1. What's the ranking of 363-373, 78-88 by average number of surrounding C-beta atoms within 10 Å, highest first?
2. What figure, in Å² to the nearest 10, do you get for the accessible area of PHE212 with a 1.4 Å probe and non-protein molecules left out?
3. How much accessible area per residue does the stretch 267-414 have, in Å², with a 1.4 Å probe?
4. Considering only protein heavy atoms, what is the solvent-accessible area of LYS54 at a probe of 1.4 Å, reported in Å² to the nearest 10?
5. What are the residues whose amide H is under 5 Å from the amide H of GLY128, where those residues sit 5 or more places off or on another chain and H is modelled from the backbone?
6. With θ set to phi - 60° and the Karplus curve 6.51 cos²θ - 1.76 cosθ + 1.60, what are the ³J(HN,Hα) couplings of the stretch 244-257 in order, to the nearest whole Hz, using x for Gly and Pro?
7. Can you list residues from other chains, or at least 5 along the same chain, whose modelled amide H is less than 5 Å from the amide H of LYS165?
8. Enter the accessible area of HIS55 (Å², nearest 10), with the probe set to 1.4 Å and all protein chains included.
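The values are calculated or read from the model by the stated rules, or taken from the named source; none is laboratory data. Predicted, not measured: the structure shown is a model, and the values here were computed from it. Note that we place each Cβ from the backbone using ideal geometry, even for glycine, and neighbour counts take in every protein chain shown. Note: accessible area is taken over every heavy atom of the protein model, side chains too, but ligands, DNA and RNA are not part of it. Shrake-Rupley method; radii C 1.70, N 1.55, O 1.52, S 1.80 Å.
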Amino acid sequence: MRDRSYDGHAVIRFYPSTSDHTHILLDATNNEPDLDPWSPLHTTTNPVDIHFPKHSSVLQILRSETPSWHPILSIPFTILVPNIRTLIGARKPLHHRADVDFFDDYHDPDTITTYMRGLIGAKEVVIGKTYQGRNISAFAFGKGSEKLGAQTVLSKRLLEGLGGKVVIVLGGLHAREWISPVLRWFFVLVQAVVTYLATNIQTGSGFSNLAFVFVPVVNVDGYVYTRSTDRLWRKTIEPVGSSCFGTDINRNFDVDWDSNDNNVGPSLEPCSEVFRGNKTFSTSEARAVRDLLLAIPEPSRTMVVDFHSYSQLVLYSPAFTCDDLSASSSNTTIALGARAFLRGVSIVNASREYRSGEVCKTLYGAKGSSLDYSYYVANYDYAYAIELPDQGREGFLLQPGQIKPVSNETLAGFLALLRFVQSTPSDHAGAAAARARLSIVSSGGSRKSFSLESGKLSAS
């Protein structure tokens, strides 16, 4: 049984440099299924972080001053987090204090949703229900004509009267990545757009022809579970027909999903942290995101940004293959957009080092991802998965004091990316070559459209 207290658990960072090192790490995780890799194992160029439970025999060897011989000792390593429980216990909830700012702490999904509802011009749209019956809420903001004093109130309609471009921002696909749903910049950006439209509505310049759709918490059930039961839970929590439960939403989209190449993508093992599910779109969360992506008319499909943690990476397609599909100018343009984000972050924090690149070549192979689905199937001009700070010192347990600085950096990067998207004609030709390589493009389902009067998605 999984030890949910994490007392005595450790995170070890390895520095593999040869294929033998990679095989040793793979063998270790295969021999001890409770080992939880927090970063890709298939690498000889990047550090590998692995979470070891207290009872792990390998951990005892690594901690010993006079260890018995083990192949893993041939790999340079450092103990990154000596006791995970210490990091979990370091967070002291502050919500009971009247003087605490909303962004001084992490919050439950209901509190986040309530906060979003209170923002000027917010239009809540329920895009789906979780296994446990919770709403998956999206919040739409777009150019409109309603006024409130000197402020321009963002339109309650997502599409009507819009100049034409829609940007979708996703957060919280993986439950343990708390920094994603509570990013302060979500809310700062909305207020910035409100102010911008109030002062620039006549010019039609800048971001005034954009609509934004934010889904702060996609994996609502999983996020609640991390707060009540298991802080490091990643997946959904619905049954999957075995003693284990839950599916990795980000392996459940219909993009080369049925490939059996476990070196590039999801696991077929239900107990794995990257279990792909029993079929495509088996999770209500993946279906909700799919329906939202397809609800936007194709001419308006501009950009999807999916926020995760950790690693400080700006990633773009392909994730489903490591083959070279970037000969066209499309991926070159997407790469330039990623670098614009990096430059924006560096203006606020020059010491924050992000990297950018294709998912499979930079991080790992991931079949069935929301990123590839957004770009290759839903046909958005730009699609990014952004891995937020840090680089492993706190990892998934980033402390509340980091929320504001990380949010400010992310806002600067995101605004730089938006300016790039606004000023750069898209070239989506590169997607055609990749589609030809996909074994399954999309199961599609019925096309959906917004019904903003009811606040729900409806088939059309």
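1. 363-373, 78-88
2. 10 Å²
3. That works out to 30 Å² for each residue.
4. 110 Å²
5. ILE136
6. So the J values, rounded to whole Hz, are 8, 9, x, 10, 6, 4, 7, 10, 10, 8, 7, 9, 6, 5.
7. It is ALA211, by chain and number.
8. Around 130 Å² of this residue is reachable by solvent.
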